[in-house]
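Note sheet for the following structure.
Any read-out appearing in this document is the output of simple, stated calculations on the displayed coordinates, not a laboratory observation. Nothing here was measured: the structure is a model prediction, and the numbers come from that model. Using ideal geometry, Cβ is built from the backbone for each residue, glycine included, and neighbour counts are taken over all protein chains shown.
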Amino acid sequence: MKNLSEFTASTPVSELYRFLANVVVQNGITDFSGLLNYTKSIAADKRTAEVYPELFALIRKLYWGFFRDIDPKVYPKVWREIVISHPQFPGCGDLKRNLTISEIYVGILDLHGYTRFCEKNKNNLSMLQTLDDLIQVEMTRLARSHDVVLQRRQGDEMVLVGASATDLLATTLKIIDFFAKKGGGATARASALPDIHISAGIAGGKKFTPFIITRDGDLSGGVVNTAARLQSRANELSGERSRIVVSRAVRTAFQAENKDGLPEFFGKRPLHFFDSGYIRFKGIEVAVCEVLYDGGDLYKAQIEKDMAELYKSIESGAWKEGLFSALLTLLIRIYKNMGAFSVQVVSNGLPTTLVNDSIIHIAQEILGTFRAKQDYPAAVRGLAQLVDYSREIPGFDKLTLEYAERVVERYRTVVDEFELRIAERLKEKAATLPAKYKQLYEESRKGILVQERLNLELRKNLASLEISQLWAASIEAKKEWLDLSIYSGKQ
């Protein structure tokens, strides 16, 4: 056949297939509807019905990119969401190219240490091939068992697409378990590999967020971008453990999907969505949750209410007292609930060992300095030291550290303003001193130590309300510097 008009009742099916396959490749027929439109001049019969599914498979392999391997039997849920099935040809259809539906979820997973592993084993092709096979074959098979499409990108990155938050989370957790050698199958295939940590971001389940499948079958749109940024956030928090960060919409969808009971996989392991507040990325702000699944992190479920109080204090701008108290309360709760620790630090120039109870005592003293003594500068200095200590504690919650560091930075600005105002007020008070003390005060300005002692005495004459008003005025003066947001990834 040189053209379609030569097709007759006696033309072999194989010849029709070869002709149309060449048209698909040469003319760039990228969808099944286009193929049917091209062949509308020939009669539909048993032979064409036999050829069309094979041609559809060719179109799918050539032009569906990320989804080139899907079919309705293996990926029934994903198929329903992204394919317009043809009523006359079961298993055939057109790929949707621009979706604004809620039931698409995207996960992006990054393998930590992949580059280092490849460099270390650059002369061990067998080891490199083992890791490659695990990603390309085993992980694809594992994802397929949960109706999730998985493709590898850029060596150490895996992209997952599914039609259910539950499917995406189950697949992600099983991949983490596999590379941490927590499953029998993983041990058999991956025993020669080091433990590999994974940072994962999952987005989706939010109405009207674009999910775009490009002409060459690549993925883009808001869902994909958000998943990438959440993965970047998980990477920042990861440390020595794998981390999963999801959008709050994913948490809501997971809970809705399992309102009548969890699947067996989730019933066997603890799982908690820790509300991590809002994280600002370039151009967007996303409400996020960290998925707690590992015993070492589950203590954070006990601090969630205190973390929510911190968010509330930040949102309401409670810098006068509420925010400081909320942060100290949160830190104390963490010290109480995380595992036992012992760290060597330097305190007042001397080496000191801190354990849970001793650092709790320090935090309580700082809170008392702020509330009862109203010595705000000393309290802020104490908080800064406490944050430094916390940074040395293995496994300390990085999100809390991020907030604490930013709070300290802003309070230092307020303290600078406060100390200027206190100095002015003390100068005013000095004018009311009896003559002999007034003269001594003026002379003391030449001696720093004497003046400091007199200032301490003068400060005792400041009423609690007066100090509080000066503190509030300092906060108001620095209001424009007190915006506090957590930024992540590319700025």
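The smallest convex shape that holds all Cα atoms of segment 1-125, its convex hull, gives 176 Å³ per residue. The alpha-carbon atoms of segment 267-401 define a convex hull whose volume equals 131 cubic angstrom per residue. As a rough guide to protection, the peptides 366-378, 324-336, 123-135 ranked by mean Cβ packing within 10 Å, highest first, stand as 324-336, 366-378, 123-135.
Altogether, the Stokes-Einstein calculation at 37 °C and 0.692 mPa s, with the Kirkwood radius of segment 105-294 over Cα pairs as Rh, returns a diffusion coefficient of 194 µm²/s. Candidates Gly261, Ile284, Ile303 compared by Cα position along the dipole of segment 255-304: farthest toward the positive end lies Ile284, with charges placed on Cβ. In segment 105-294, a dipole from Cβ-located charges (positive for Lys and Arg, negative for Asp and Glu) runs towards its positive end, and of Tyr114, Pro194, Ile212 it is Ile212 whose Cα lies farthest in that direction.
Charged side chains reduced to their Cβ positions (Lys and Arg at +1, Asp and Glu at -1) give the chain a dipole of some 320 debye around its Cα centre. Take each peptide in 230-238, 269-277, count the other Cβ atoms within 10 Å of every residue, and average; sorted highest first, the result is 230-238, 269-277. The fewest-to-most ranking of His86, His361 by surrounding Cβ atoms within 10 Å reads His361, His86.
Dividing the mean sequence gap of close Cα pairs (under 8 Å, 6+ apart) by how many residues the chain holds gives a relative contact order of 10 percent. For segment 59-115, applying the loop criterion from DSSP together with a ceiling of 10 other beta carbons within 10 Å to the trypsin sites (Lys or Arg not before Pro) yields Lys73.
P(r) tail for the chain: Cα pairs beyond 42 Å make up 39% of the total.
Simple rule: put +1 on each Lys or Arg Cβ and -1 on each Asp or Glu Cβ in the chain, find the dipole, and look at Leu230, Thr172, Ser313; the Cα lying farthest toward the positive end is Ser313. Close amide-amide hydrogen proximity is noted between Val74 and no other residue 5 or more places distant or on a separate chain, at a cut-off under 5 Å (H modeled in the peptide plane; Pro and chain starts excluded).
Neighbour counts of other Cβ atoms within 10 Å put Thr432, Thr140 in the fewest-to-most order Thr432, Thr140.
For Lys77, the lysines whose Cα falls under 29 Å of its own Cα, not counting residues fewer than eight places away in the same chain, are Lys61, Lys96, Lys174, Lys182, Lys206, Lys207, Lys259, Lys268. With the cut-off at 14 Å, report for segment 360-429 the share of all Cα pairs above it, as a whole percent. Roughly 64 percent, rounded to a whole number. Shape class of segment 198-331 from the Cα gyration tensor (axes a ≥ b ≥ c, square roots of the eigenvalues): oblate, since a/c reaches 1.5 or more and a/b does not exceed b/c. The phi-based Karplus calculation (6.51 cos²θ - 1.76 cosθ + 1.60; θ = phi - 60°) puts the 3J(HN,Hα) values of segment 87-94 at x, 8, 10, x, x, 10, x, 10 Hz, whole numbers, x for Gly and Pro. Taking a straight line from the alpha carbon of Lys429, these lysines sit under 28 Å away, with near neighbours fewer than eight places off in the same chain left out: Lys320, Lys373, Lys438, Lys446, Lys460, Lys478, Lys479. Legend: ranking of residues Asp195, Asp260 from fewest to most surrounding C-beta atoms inside 10 Å; resulting order Asp260, Asp195.
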